[in-house]
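Single-structure report; data block below.
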Amino acid sequence: MSAYTLKSANGMEARVLDYGGIVVSVRVPDRHGRFDDVVLGYDSLADYLRSSPYFGAIIGRYGNRIAGGRFTLDGKTYTLAKNNGPNHLHGGLKGFDKVVWDAAPFQGADSVGLVFRYTSPDGEEGYPGTVRATVTYTLTDRNELIFDYHATTDRATLVNLTQHSYFNLAGDGKGDILGHVVTLNADRFTPVDSTLIPTGEIRSVSGTPFDFRTPTAIGARIDQDDEQLRYGRGYDHNFVLNKGADGGPTLAARVYEPSSGRLMEIYTTEPGLQFYSGNFLDGTLRGKHGVVYRHRYGFAMETQHFPDSPNKPSFPSTTLRPGEQYRSRTIYKFAVQP
Ligand code: BGC
């Protein structure tokens, strides 16, 4: 297994493994030009192999949950691993986060990157069809980290790929993320049941702790007495992104960390964003340089199709058929604000 370092002309740097396509570190400047690592992770591959809550990894074949580990496609029912209570999560026992990807580095005019390829055999983790997946990581001189996903199949199947980096824009291990100020370009979200499966309702965020349409600290309402926050133990919900007409990447989220001045913007072609506030981090994992990951020491913003789409006919489809191309693009853009 190999590690790769991507470095942009102005010093932004990302370290990436071919195992799981894991983004181990991302170093970006603060408002004084000081670089810090802003993602959670481990020092060694052995730590990732032992136990990881998907730190920095590519998620597939299906990012997020599938209710009861079951879905029906073209009249046939498929059974998947129940690896998250009664449900299937993030592709199963050995998803795309736990395979070694074939990696090919490239150098562009104003960018550097890696092309990751993996062929998932027919029946892997219970999913039908041979899926050929390509995920391209590009680091640009504009301080963007871009993920381009592509997949094909030889039988009808499900594909919903995402990236599971946990961020702390103050710096990895430097406390909880409750002071980060989040703006989400979402008028609606998908409420869940107590096992975090969407009920099927698309609910307005208006008047709820899920209204991030104006900049709001993650911690401002996270402990309110709200059924959805109770089910998620905080934020662990899919937001329905407001979309333009052209299908290109649109702004999904903006996250600002006041002490460092770091700003991260997320653009995506996907219809949804899982905002997870690190509620299951509980101080049992030790990350890079031995830091202890306590409650809410990182947050994830997973661009995706909605959870449990295969069992929710009214949600945008995650079915991929032979002859079709799965394509998805997400951009993490880093900047600073005074
Ligand atoms: C899920 C969380 C889960 C986390 C790590 C997120 O995508 O929404 O519920 O705990 O991944 O497994």
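The values are calculated or read from the model by the stated rules, or taken from the named source; none is laboratory data. Since we're looking at a predicted model, the values are computed, not measured. FYI the Cβ positions are ideal-geometry reconstructions off the backbone, even for glycines, and counts take in every protein chain you see. Ligands, DNA and RNA are excluded from the accessible area calculation, which covers all protein heavy atoms including side chains. Shrake-Rupley method; radii C 1.70, N 1.55, O 1.52, S 1.80 Å.
Using a cut-off of 20 Å between Cα atoms, the listed pairs K94/K333; K7/K94; K98/K312; K174/K288 include K94/K333; K7/K94; K98/K312 as exceeding that distance.
Couplings for the range 296-310, taken from phi via the Karplus curve 6.51 cos²θ - 1.76 cosθ + 1.60 with θ = phi - 60°, read 6, 7, x, 10, 10, 10, 9, 6, 5, 7, 5, x, 6, 4, x Hz in order; Gly and Pro are left as x. Taking only the C-alpha atoms of the chain, the Rg (one decimal) and the largest Cα-Cα distance, Dmax (whole number), read 18.7, 59 Å. Ordering Y326, S204, T72 by Cα displacement along the dipole of the chain toward the positive end leaves T72 in first place; charges were set at the Cβ atoms of Lys, Arg (+1) and Asp, Glu (-1).
Only Cα pairs under 8 Å and at least 6 apart count here; give the relative contact order of the chain as a rounded whole percent. Don't jump to the answer; show the numbers that get you there.
Numbers: 901 pairs, mean separation 64.3, N = 338.
19 percent.
I'd like the trypsin sites (Lys or Arg not before Pro) in the range 71-145 restricted to DSSP loop residues with at most 13 other Cβ atoms within 10 Å, sorted by number.
Working: sites: K76, K82, K94, K98, R117, R132, R142; in loops: K82, K94, R142.
Passing both the DSSP loop test and the Cβ count: K94.
Each label point was placed 7 Å from the Cα along the Cα-to-Cβ direction; for N242 and D122 their separation is 4.6 nm. Distances between placed amide hydrogens fall under 5 Å for V100 paired with G20, all partners being 5 or more residues away or on another chain.
If R0 equals 51 Å, the separation of the Cβ atoms of F35 and T72 corresponds to a calculated FRET efficiency of about 0.55.
Of the solvent-accessible surface of the range 240-338, computed with a 1.4 Å probe and all protein chains present, 53% belongs to carbon and sulfur.
Quick one: Debye curve from the alpha-carbon atoms of the range 1-103 only, equal weights, vacuum; give me log10 I(q)/I(0) at q = 0.13 Å⁻¹ to two decimals. One equal scatterer on each Cα of the range 1-103 leads to -0.58. Placing dummy labels 7 Å off each Cα toward the beta-carbon, the span from D154 to R321 is 1.9 nm. For the range 173-178, 3J(HN,Hα) computed residue by residue from phi via the Karplus equation (6.51, -1.76, 1.60; θ = phi - 60°) reads x, 8, x, 7, 9, 5 Hz, glycine and proline entered as x. Is the shape of the range 260-308 rounded, prolate or oblate, going by the alpha carbon gyration tensor and its root eigenvalues a ≥ b ≥ c, with a/c under 1.5 for rounded and a/b larger than b/c for prolate? Oblate is the answer for the range 260-308, as a/c is 1.5 or above yet b/c matches or exceeds a/b.
Is it possible to state the helix-based mean residue ellipticity at 222 nm for the chain, with each DSSP H run of 4+ residues giving -39500 (n - 2.57), the sum divided by total residues, to the nearest 500 deg cm²/dmol? What is it? Display every interim value, and only then the final one.
Values: 2 runs with 12 residues, N = 338.
Value at 222 nm, helices only: -1000 deg cm²/dmol.
Would you mind calculating the relative contact order of the range 9-125 from Cα pairs under 8 angstrom and at least 6 residues apart, reporting the percent as a whole number?
Values: 192 pairs, mean separation 25.7, N = 117.
This gives 22 percent for the range 9-125.
Each residue of the range 3-16 was assigned a 3J(HN,Hα) from its phi angle through the Karplus expression (A = 6.51, B = -1.76, C = 1.60, θ = phi - 60°), giving 10, 10, 10, 9, 9, 8, 4, 9, x, 5, 9, 10, 9, 9 Hz with x at Gly and Pro.
Entry comment: accessible area of the chain is 38 Å² per residue, from protein heavy atoms only and a probe of 1.4 Å.
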